[in-house]
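Student: Below is the structure I would like to discuss, written out as structure tokens.
The values are calculated or read from the model by the stated rules, or taken from the named source; none is laboratory data. Owing to the predicted nature of the structure, the values given are computational and were not obtained by experimental measurement. Quick reminder, even Gly has a Cβ in these numbers, built from the backbone with ideal geometry, and neighbours come from all protein chains shown. The accessibility values were calculated without ligands, DNA or RNA, using every heavy atom of the protein model including side chains. Shrake-Rupley method; radii C 1.70, N 1.55, O 1.52, S 1.80 Å.
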Amino acid sequence: MVPMPESRPYHHGDLRAALLAAAERTLREKGTAALSLRELAREVGVSHAAPGRHFKDKQALLNALALTGYERLAQALNTADSPALPLEPRLTALARAYLGFAIDNAALLELMYARKHEPDASAQMASAVEETVGSLVRVLADAQQRGEIIDGDPEELNLVTGAALHGVAGFISAGWLTPEAALAGVESLVHHLLHGLRPR
């Protein structure tokens, strides 16, 4: 009997994870435009149809990548958070964790913010956003209850914090600020956020 040539495997151990890892490498090295399910299939060594079992199209892949990013960012923020600390050191640790994530995952962070507003983004994505953005809102609400900051809508107050952090992340990504300088300036950034620029 003549042996049949080996066909490419349809899937392996954890195809979804392998595709997401390959997609993140491509995103990091070449950007969103270079992502292709067919190319990812070739990279991980499966048939071009195999990724369809996990991602119906490129949009689904992008959503899954963004969701993975939000989950990792939430983990970084949760690890950095110390609710027993006063607000300034607590917020400094959270800001450092956010900027650390932004430095290591610039392309992924950009994708995360882009996918957040897509109409096809899932309830799962909304929940992941709540775990990250919402965690900072909860920190500010907790600080209000302790009398550490002014009254007001914590979500509105968080706009200031979020804008400052994401702005610094954008400066790093654009090359206007080195990662080292950004991280070294976190304590000062948080101090100015909490106390303003007026003479004291």
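Student: Using the C-alpha gyration tensor of the chain, what are the square roots of 5 times its eigenvalues, in whole angstrom, with the largest one first?
Tutor: 41, 17, 14
Student: Which residues among the range 57-98 fall inside the zone where the amide N is under 17 Å from a point 7 Å beyond the Cα of LEU177, along Cα→Cβ?
Tutor: 91-98
Student: Okay, moving on. Which chymotrypsin sites (Phe, Trp or Tyr not before Pro) does the range 99-200 hold that lie in a coil by DSSP with at most 14 other beta carbons within 10 Å?
Tutor: Details: sites: PHE101, TYR113, PHE171, TRP176; in loops: TRP176.
Passing sites in the range 99-200 are TRP176.
Student: Related question: Accessible area per residue for the chain in Å², computed with a 1.4 Å probe and the full protein assembly in place, what is it?
Tutor: Working: 11580 Å² over 200 residues.
Result: 58 Å² per residue.
Student: I'd like the carbon and sulfur percentage of the solvent accessible area for the chain, probe radius 1.4 Å, heavy atoms only, ligands and nucleic acids excluded.
Tutor: Numbers: 6550 of 11580 Å².
The C+S portion of the solvent-accessible surface of the chain is 57 percent.
Student: Another question, then. Express the relative contact order of the range 23-180 as a whole percentage, based on alpha carbon pairs under 8 Å and six or more residues apart in sequence. Each step should come with its number before you reach the end.
Tutor: Values: 120 pairs, mean separation 34.9, N = 158.
It comes to 22 percent, rounded to a whole number.
Student: Compute the Cα gyration tensor for the range 130-200, then decide on rounded, prolate or oblate, letting a ≥ b ≥ c be the square roots of its eigenvalues: rounded whenever a/c is under 1.5, prolate when a/b is larger than b/c in the other cases, and oblate in all that remain. Please list the in-between numbers first.
Tutor: Values: a/c = 2.50, a/b = 1.49, b/c = 1.69.
Because a/c hits 1.5 or more and a/b fails to exceed b/c, the range 130-200 counts as oblate.
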